[in-house]
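What follows is a single structure, written as structure tokens, with notes after it.
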Amino acid sequence: MKTKKKRIGDKPGTLVYTGNRTEVTSSITLIKYNSTNYKKIENCKLNQVFNLDTNEIKWVNIDGLTNVDIIESIGKKFSLNPLILEDILSTNQRPKVDEYKNSLYIVAKMLYLDKNTYEIKKEQVSFVLCNDYIFTFQEYKGDVFDNVRNQIKADKGEIRDLKSDYLLYALLDSIVDSYFDVLEEIEDKIDEIEDSLMDNPSNDTLQNIYKLKRAMLLLRNTIWPTRTMVSTLIKFKIPQIKDETNLFLRDLQDHTYQLIDTLDIYRESLSGMLDTYLSSISNKTNDIMKFLTIFSTIFIPLTFITGIYGMNFSHMPGINYKHAMPIFYLISIILTFSMLLYFRKKKWL
């Protein structure tokens, strides 16, 4: 993947896509609804987006950011600040919220855990709330918003009766809920590592621990600013957010606190597992060294005897005795068993 970076010295508001140069073709999906009507248009054209009934909530989702002209046209039509358009195309933003005169801009991150490599894959999602319009800008096709789409289509809950700010909350809530799914998958991986740690710790176990620690670090760097972003929506009187929606946002804030608490528990668990792994390897090494030491100690007196009788001096006692060899074997066996019994009594074996 080649990534195009913004050139140093470009003026603020310069539209340069800095994400991965993928083959994802930009496409627009429009969902418009009110308490009685619902319609979804896939592969929508821009002129269909610009001229819509003001009594309906319009959710415009753009998949793929390689077509800068689409984003620029939307910015001109709805008088969006050029800094918003620049941040949409700069996909390395931290989760944040920016309030402008006629719009509200929010950045969030969708996270996915690769179960094979233990790596966290992230995707930036930009939200623009402008009157009855909500624009979502995604780098790739596929997201975590299917539950929201189903609620709108089936008219479940209050989503069809409330305004666009509630739709914004519902989308943010789906992203935060997906973090719980990632943490559940990480919990399963932690359980697998714990089992291997107790049964047969290996170098693969250590590598998996470090991979999960890196994943937890990325999760922390995403969840903490997400909590700050939600807190900002609640704390400050933002005109685009109604008072009744703040109640739902406070619930969303509680979810972020819960995520952080769970994240800290898992991080501590991984740190403890790393200590356990090192202790296990150290104990295994000590057991090996103890075995080798005992094995060597048993042969010390035998080596001493054979060393003396191997010096080939004349007139050594018993050198011409016909039963000298069986006696030597008997002495060796007695010494070996005596030392083993002594080690057993000392609980060294």
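The values are calculated or read from the model by the stated rules, or taken from the named source; none is laboratory data. Not measured: the values here are computed from a predicted model. Here the Cβ is made from the backbone with ideal geometry for all residues, glycine too, and neighbour counts use every protein chain on show. Just so you know, the surface numbers come from the protein's heavy atoms only, side chains and all, with ligands and any DNA or RNA stripped out. Shrake-Rupley method; radii C 1.70, N 1.55, O 1.52, S 1.80 Å.
A single member of Ile288, Ile281 is β-branched (Val, Ile, Thr), within 29 Å of the chain's Cα centre (by Cα) and more than 30 Å from Leu171 (Cα to Cα), and it is Ile281. Among the criteria (1) under 20 Å from Thr25 (Cα atoms); (2) open to solvent by 50 Å² or more (accessible area, probe 1.4 Å), the one Asp146 does not fulfil is (1).
Could we say that Tyr140 is open to solvent by 40 Å² or more (accessible area, probe 1.4 Å) and of a type in the set (Phe, Trp, Tyr) here? Yes: the conditions hold for Tyr140.
Picking from Val97, Val125, Val107, Val148, which residue would you name as being farther than 22 Å from Ala215 by Cβ, of a type in the set (A, V, I, L, M, F, W, C), modelled with pLDDT of 90 or more and in a strand (DSSP E or B)?
On inspection, the qualifying residue turns out to be Val97.
Within the stretch 203-237, the set of residues being hydrophobic (A, V, I, L, M, F, W, C) and open to solvent by less than 10 Å² (accessible area, probe 1.4 Å) comprises Ile209, Leu212, Ala215, Met216, Leu219, Ile223, Met229, Val230, Leu233. If you go through the stretch 65-78 and pick out every residue that is in contact with a Ser or Thr (Cβ under 8 Å, 6 or more places away or on another chain) and either part of a strand (DSSP E or B) or farther than 30 Å from Glu158 by Cα (or both), you end up with 4. Entry remark, the stretch 161-186: residues being out of contact with any Phe, Trp or Tyr (no Cβ under 7 Å at 6 or more places or on another chain), within 24 Å of Asp114 (Cβ to Cβ), open to solvent by less than 90 Å² (accessible area, probe 1.4 Å) and not hydrophobic (A, V, I, L, M, F, W, C) number 5 in total.
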